[in-house]
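These notes are about the structure you will find just below.
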Amino acid sequence: MIAPMPVQDIHAGREAFQRDLQVVLKEGTLADRGWLKPDGLTLLVPMLVENAAQGQVDLYLLRLMFDHYPKGPPSAQFINPLTMNYKFPDDVLWVPKCENAPDVHFHPNYNNCVQLICSSTTLEFYRVNHDVKPEHVWDPQRMNFLTTLAAIRRGLASPYYKGRWAP
Amino acid sequence: MSDSVLEKKPHDGGSEHDDDRHGPKLTFEHVASVQDVKFRVSWNETLQAAWNTAYEKLGEDSRADDRLQTDDGVDMMPLLGKTMRQLFDDKHTKSRKFQIVGPTGGAQS
């Protein structure tokens, strides 16, 4: 099925993001998690990934935006940490490559139009009208932005992670 | 990190010595409800048994389509029958934090 694109609601998104963030952090702080919140709708999440083939750790920066949240999932994009933007093809090396992960894939330029973290837990998945099983459609009753982070993490785990995309 | 810094490093009440004697302290995070629990299990306990205990402590019902992964994304479903000793000694995972996640969809490469 093709699930409908969630409706943007900046006010609801800001409130729900703040609420869920407080629940996730409990008594902790953003710094405890290594996260940054540059504004009321955005969360920056550094992700360190073990690159076993190269014997190193690779850094990525994930930007979540909550303007369709909580009825829709957060927008999720890997960005260039130097420019805080994503521009194809210059920034493809800031997008991780994964192969054969069961339910997530990272496209640096899906259909020649957008970076797509191909998971039913990201807004872009609905924006491109991706096919989805009914049981996987974003459900705010049992999903939150941690669901998005957990799904993305699966694609970054061994044996799926294959390093950076090459420009 | 220097020894002097390490000595001052805060800890959660457990220690490597306690781990050796009594088993590892695990954290289970239930992503849907954003709750987590920490508890110690014996080295002979299986991951499945620890997961079952986590549901009880969380007060959450297990769902048939729930899955278990580490906080760095490693799928633990093929390893549920392993004991803690096997999991950590055989280096199936370094993480002691697990996430209980529901089903999500996406595309394979």
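Values quoted throughout were computed directly from the atomic coordinates according to the rules given, and no laboratory measurement underlies them. Model, not experiment: these values are computed from the prediction. As a convention, Cβ positions derive from the backbone with ideal geometry for all residues, glycine included, and neighbour counts pool all protein chains shown.
So how do A:Ser75, A:Ser119, A:Ser158 line up by other beta-carbon neighbours within 10 Å, fewest first?
A:Ser158, A:Ser75, A:Ser119
Would you mind computing Rg(Cα) / (2.2 N^0.38 Å) for segment A:10-164, counting N as its residues?
1.01
Looking at segment A:106-157, which trypsin sites (Lys or Arg not before Pro) are DSSP coil and have at most 14 other C-beta atoms within 10 Å of their C-beta?
Here the trypsin sites (Lys or Arg not before Pro) that fit, given the DSSP loop and packing criteria, are A:Arg142.
Determine the shielding of peptide B:92-104 by partner chains: average, over its residues, the number of Cβ atoms on other chains within 10 angstrom of each Cβ.
Per residue, the number of nearby Cβ atoms from other chains is 4 on average.
How many partner chain Cβ atoms sit within 10 Å of a residue's Cβ in peptide A:150-161, on average, as a whole number?
Mean inter-chain Cβ contacts per residue within 10 Å come to 5.
Just to be sure I understand: if I project the alpha-carbon convex hull of the protein assembly as shown onto a plane and average over all orientations, what area do I get in nm²?
For the protein assembly as shown, the mean projected area of the Cα convex hull comes to 15.7 nm².
Within 10 Å of each Cβ of A:93-106, how many other protein chain Cβ atoms are there on average?
Mean inter-chain Cβ contacts per residue within 10 Å come to 3.
Express as a percent, rounded to the nearest 5, the fraction of DSSP beta bridges in segment B:16-101 (both residues included) that run antiparallel.
75 percent
Mind checking which lysines have their C-alpha under 19 Å from B:Lys57, skipping anything on the same chain fewer than 8 residues away?
Partners within reach: A:Lys26, B:Lys25, B:Lys38, B:Lys97.
Considering only C-alpha atoms, what is the centroid distance from segment B:60-109 to segment A:1-30, in Å?
25 Å
Hey, fewest Cβ within 10 Å first, where do B:Leu79, A:Leu36 land in order?
So the residues, fewest neighbours to most, are A:Leu36, B:Leu79.
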